[in-house]
Amino acid sequence: MSAFPVDVIDSEALRVIGASATADRAIAEAIRLNRDHANYYFGCGLGYAAKQDYNRAILDFTEAIRLNPKYAGTFINRGNAYYG
């Protein structure tokens, strides 16, 4: 797997095998390179939610919604983070 472009599936696969630090670095670098990609913020939000860092997850899900308001999954995950 190449580190870039990373997608949500790649980052979630890394988390499943216990490489969450690698996933976090890959997503952070992807956002740095392309701040207009909603999936990167969505993936970052999933990572924060998995760590129970719900405030940061909400911020990333909100940014993903701003960039792509048509993806219902982001709204659902942001709602879950509010109730985390």
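Every read-out reported here was derived from the displayed coordinates using simple, explicitly stated rules and does not represent laboratory data. This one's a predicted model, so the numbers in the text were calculated from it and none came from an experiment.
Annotations
- If the chain linking ASN34 and LYS51 were pulled fully straight, counting 0.36 nm for each residue of separation and taking away their Cα-Cα distance, it would gain 3.7 nm.
- Potential extension, SER20-ARG66 segment - 0.36 nm per residue separation minus Cα distance: 14.0 nm
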